[in-house]
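Contents: one structure, followed by commentary.
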Amino acid sequence: QVQLVESGGGLVQAGDSLRLSCAASGRTSSIYVTAWFRQAPGKERELVARTRRITGTTYYGDSVKGRFTISRDNAKNTVYLQMNSLKPEDTAVYYCAAATPPLGSNWSGSYDSWGQGTQVTVSS
């Protein structure tokens, strides 16, 4: 079992930056992929970015490419999401999720463990 705790959300203005953190505990060696998803009111949960724990390979959703960066520190069992040039449409609850092999695609259903979420609000 893996437990995930997100932190770093908040209220910022358009153009600002935020860094989210996702700290994992428990059977962290079983993690294959860690991802950030987000869900805005009335919208479906969407993949923001994901990274493989061993190789560091990354993938980004089209709406955040060039603005967000996902990174990992395996020694700390932590994955980060650096968000730059934030826009009001980035406002959402951001969730960290982890998948065991061979799962971990762009589909939220392929993830085994979820954090509680952290709110990011971007004002115009």
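The values are calculated or read from the model by the stated rules, or taken from the named source; none is laboratory data. All values reported here derive from a predicted model rather than from experimental measurement. Cβ atoms come from the backbone with ideal geometry, glycine included; neighbour counts cover every protein chain shown. Just so you know, the surface numbers come from the protein's heavy atoms only, side chains and all, with ligands and any DNA or RNA stripped out. Shrake-Rupley method; radii C 1.70, N 1.55, O 1.52, S 1.80 Å.
Close amide H pairs (under 5 Å, H built 1.01 Å from N) link residue 91 with 122, residues at least 5 positions away or on another chain. For residue 16, nonlocal amide neighbours, meaning residues 5 or more places apart or on other chains whose placed amide H falls under 5 Å from its own, are 86.
What percentage of the solvent-accessible surface of the chain, computed with a 1.4 Å probe over protein heavy atoms, is contributed by carbon and sulfur atoms? Ligands and nucleic acids excluded, carbon and sulfur reach 48 percent.
GNM on the chain, alpha-carbon springs under 10 angstrom: the most fluctuating residue among 49, 24, 40 is 40.
When the Gaussian network model of the chain links Cα atoms closer than 10 Å, the mean-square fluctuations of 54, 70, 31 top out at 54. The HN-Hα couplings worked out from phi for segment 41-55 by the Karplus form 6.51 cos²θ - 1.76 cosθ + 1.60 (θ = phi - 60°) are x, x, 10, 6, 5, 10, 6, 9, 6, 9, 9, 7, 5, 7, 8 Hz, whole numbers, x standing for Gly and Pro. Under 5 Å between amide hydrogens, built in the peptide plane, is the criterion, and for residue 27 it picks out 2, 3 among residues at least 5 positions away or on other chains. Can you list the lysines whose alpha carbon sits under 24 Å from that of residue 87, skipping same-chain ones fewer than 8 residues off? Within the straight-line cut-off, residue 87 pairs with 43, 65.
Heavy-atom accessible area for residue 73, with the other protein chains in place and a 1.4 Å probe, reaches approximately 50 Å². Considering only 42, 66, 26, the mean-square fluctuation computed in a Gaussian network model of the chain, springs between alpha carbons under 10 angstrom, is largest for 42. Along the axis of the charge dipole computed for segment 46-124 (Cβ charges of +1 for Lys and Arg, -1 for Asp and Glu, origin at the Cα centre), the listed residues 123, 74, 51 are led at the positive end by 74. For segment 18-116, averaging the sequence separation of C-alpha pairs within contact (under 8 Å, six or more residues apart) and dividing by the residue count gives a relative contact order of 34 percent.
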